[in-house]
Amino acid sequence: MKSILDASVFFSEYPVEGELFTTPSVCDELKDIRSKGKFEKLCAEGLRVMSPGPESTDKVRAAAKKTRDAGVISDTDCELLALALETGAVLYTDDFAIQNVACILGVQIHSILQRRAKRVHWKYRCTGCGRYFDHDGECLICGSAIKRKLK
């Protein structure tokens, strides 16, 4: 079975097997000796570090806009989802925003230590005047912050 590993796999003792992949940006997130050690161990067992193509990354960004997770999904998250999309692999992650976008893309998710996320619909509301918007940022009406909230 093909599996894409998010950084949280390297920070945990969660066992993974099969054909393993991750992205270069996940490798950059591994700072402590324990996570680097697990990375080296998995590399010795066949873990491959790959970058996804731009087409799949664009599909992920478009899906993140649909789920309204575009503001919270990182470049690393996009790469992981794009690689899972390209390879047809299961993505191991506890990140709820990644799981939300994966649902739209049809990418299979396996949570590590957290419960699996339910599909979430976001809305954006001004903290000052209470108006709803399609994005976060600053309200054009009253100047207050627009925050992301659950529908």
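Tabulated data for the structure shown
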| read-out | value |
| --- | --- |
| Residue check for Thr87: touching a Lys or Arg at 6+ places or on another chain (Cβ under 7 Å), of a type in the set (S, T, N, Q) and surrounded by fewer than 22 Cβ atoms within 10 Å (Cβ to Cβ) | yes |
| Of all residues in the stretch 101-142 being at pLDDT 90 or above and of a type in the set (Val, Ile, Thr), the one that is farthest from the chain's Cα centre (by Cα) | Thr127 |
| Some residue of the stretch 16-30 being modelled with pLDDT of 95 or more, polar (S, T, N, Q), surrounded by 20 or more Cβ atoms within 10 Å (Cβ to Cβ) and more than 29 Å from Asp136 (Cα to Cα) | yes |
| Condition met for Ile73 (farther than 28 Å from Gly137 by Cα and β-branched (Val, Ile, Thr)) | no |
| Hey, Arg68 surrounded by fewer than 19 Cβ atoms within 10 Å (Cβ to Cβ) and within 30 Å of Ser144 (Cα to Cα) or not | no |
| Which listed residue is out of contact with any Lys or Arg (no Cβ under 8 Å at 6 or more places or on another chain) and without any contact (Cβ under 8 Å) to a residue 24 or more places away in the chain, from Pro24, Pro15 | Pro15 |
| Matching residues in the stretch 18-38 - criterion: being touching a strand residue (DSSP E or B) at 6+ places or on another chain (Cβ under 8 Å) and of a type outside the set (Val, Ile, Thr) | Gly18, Glu19, Leu20, Phe21, Pro24, Cys27 |
| Tally, over the stretch 78-111, of residues that are touching a residue at least 24 places away in the same chain (Cβ under 8 Å) and closer than 11 Å to Asp6 by Cβ | 12 |
| Segments classed as helices (runs of 4 or more DSSP H), wholly inside the stretch 13-74, with at least 2 members that are closer than 15 Å to Tyr92 by Cβ, touching a helix residue (DSSP H, G or I) at 6+ places or on another chain (Cβ under 6 Å) and in the same structural domain as Ala102 (by TED's automatic domain parsing) | 24-29, 33-44 |
| Residue selected from the stretch 122-146 under the condition of a type in the set (Lys, Arg) and in contact with a Phe, Trp or Tyr (Cβ under 7 Å, 6 or more places away or on another chain), by the criterion nearest to Ala63 (Cα to Cα) | Lys123 |
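The values are calculated or read from the model by the stated rules, or taken from the named source; none is laboratory data. Model, not experiment: these values are computed from the prediction. Neighbour counts run over all protein chains shown; Cβ positions are idealised from the backbone, glycine included.
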